[in-house]
Amino acid sequence: MSRLQELTQQIWASDVDAGRIGSLELNAWLAQLTGIPLVGLRPESRIHRLGILVRSTFILPCLFCYVCLEIYDLILNWADVDVMTQNVLMTLTHVGYWVKVMNTYYHYGEIKEIVSQLSCLTRTCVLSARQRRTFHEVEVENKLVCLMYFFLVVFSSSTAMVMLLTVPDEMAGQRFPFRVKMPSYLPPLVQQLYMGLSVIWLSCGIPTIDNMNVLLMNQICLHLKVLNMAFDALERDTQGERLQVDPHSWLQSIVQYHCRLIKLRQRMERVYRLPMMFQFVSSLVVVAMTVFQMLVGDGSNSSKLVYFMLSGVLCQIFLYCWFGNEVFEQSKTLSSSAFRCDWLQFDVRFRKRLVTFMVNADRPFLFTAGGFMGLTLTSFTNILSKSYSVVAVLRQMYGRTQ
């Protein structure tokens, strides 16, 4: 772990004393590379910001036009089950990208405020050697997840680009993932480059927006771990020496810390719950149609790319459910951590405050998709089971058209 920590620190440094969260800065940098102007989340010069905005002004309109052309192709081929499912695989994913981008822009001020508060909590609350070690371990996890998810999508979209340029007559505008109605007046090479680059840019932008939500959730999980460790200061050592903190003041700071985390979770829920609802509904449909294409595929290059698509979608929803579940499980340990401290040695006033904290801590932190579905591992299995039902319906429809 120490060697891994050294390597990730070289990628993007994390600093407890400065409140610097390297994983969020790394993800912001990746987003800026793909044309999403997440400025202000890491140190940037004015010239650098200007370059990011100019690049975004060129890239985002091109991507928006491409998604409109995909929707147009879907309208033209709605009656063909095979073509329709090929189109929906990418169109739903790309529409989800734009839903998340617009949501990010709309709530960007609040997102920056959430990041600022997390940075402040890191500076002021991550104090002991054990807490600092936990912070760096979580940062290693965050950076690895961020990079692995990003490069999984990069590999898939780059492979599609190679296949497009290798067999353009078979892929361009005809098969997944390039089911799009292009203007006929454009030269074939321009059409192929526009298709390939648009798919790459859209595909690479999706994990950066997903990672922003996932990393913020894992930061909440980190601070719940730190909060659990804060009760260690209320325990005497084996020699029975006096505590180095005032128990009443320390418990008050723990309660304030907990209240700040509750408010942060509520703010994050308000920002991301509607895009998450769209994400889960669309993921159910995309997983079902991806499996359907795997079943009816003809062994072409397009059919091989479906496997990459399925791995990317499953990775996407699994990350949401995994980290949401981690927050949920970690929040449930607060009461037991409070009970494990040496509360018998303190006065009645301390015990009453501790009981009040334990009662409030029994309400777990649960992120949801639109307030309907919790982000837990159970939700992940539910999506897979519901997708199977959709696959069965699609196979019946496809069988009738043959």
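The values are calculated or read from the model by the stated rules, or taken from the named source; none is laboratory data. Remember, predicted model here, so these are calculated numbers, not experimental data. Glycine gets a Cβ as well: all are built from the backbone with ideal geometry, and neighbour counts include every protein chain shown. Keep in mind that these areas ignore ligands, DNA and RNA; they rest on the heavy atoms of the full protein, side chains included. Shrake-Rupley method; radii C 1.70, N 1.55, O 1.52, S 1.80 Å.
Structure above, values below:
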read-out: The lone exception for Leu186 - which of (1) within 25 Å of the chain's Cα centre (by Cα); (2) part of a loop (DSSP other than H, G, I, E, B) it fails; value: (1)
read-out: Count - residues of the stretch 126-144 that are under 16 Å from Ala13 (Cα atoms), in contact (Cβ under 8 Å) with a residue 40 or more places away in the chain and open to solvent by 30 Å² or more (accessible area, probe 1.4 Å); value: 5
read-out: Contacts under 8 angstrom Cβ, first residue in the stretch 162-190 being within 23 Å of Asp80 (Cβ to Cβ) and open to solvent by 50 Å² or more (accessible area, probe 1.4 Å), partner part of a helix (DSSP H, G or I) and of a type in the set (Phe, Trp, Tyr), 6 or more apart; value: Lys181/Tyr72
read-out: Any hit, the stretch 349-363, residues being in contact (Cβ under 8 Å) with a residue 40 or more places away in the chain and within 19 Å of Arg273 (Cα to Cα); value: no
read-out: Residue within the stretch 267-288 that is in contact with a Lys or Arg (Cβ under 6 Å, 6 or more places away or on another chain), buried (at least 18 other Cβ atoms within 10 Å of the Cβ) and either within 30 Å of Gly312 (Cβ to Cβ) or modelled with pLDDT under 80 (or both) present; value: yes
read-out: Selection count, the stretch 10-20, where residues are under 13 Å from His136 (Cα atoms), more than 20 Å from the chain's Cα centre (by Cα) and part of a loop (DSSP other than H, G, I, E, B); value: 4
read-out: Output for the stretch 82-116, where each listed residue is under 28 Å from Gly19 (Cα atoms) and either touching a Cys at 6+ places or on another chain (Cβ under 6 Å) or buried (at least 17 other Cβ atoms within 10 Å of the Cβ) (or both); value: Lys100, Val101, Asn103, Thr104, His107, Ile111, Ile114, Val115
read-out: Residue count, the stretch 131-169 (criterion: of a type outside the set (A, V, I, L, M) and more than 17 Å from Ile220 (Cα to Cα)); value: 11
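One line per residue, one yes/no per condition, for (1) in contact with a His (Cβ under 9 Å, 6 or more places away or on another chain); (2) within 29 Å of Pro168 (Cβ to Cβ); (3) surrounded by fewer than 17 Cβ atoms within 10 Å (Cβ to Cβ); (4) aliphatic (A, V, I, L, M):
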site: Val306; (1), (2), (3), (4): no, yes, no, yes
site: Asn325; (1), (2), (3), (4): no, no, no, no
site: Cys341; (1), (2), (3), (4): no, no, no, no
site: Val355; (1), (2), (3), (4): no, no, yes, yes
site: Thr378; (1), (2), (3), (4): no, no, yes, no
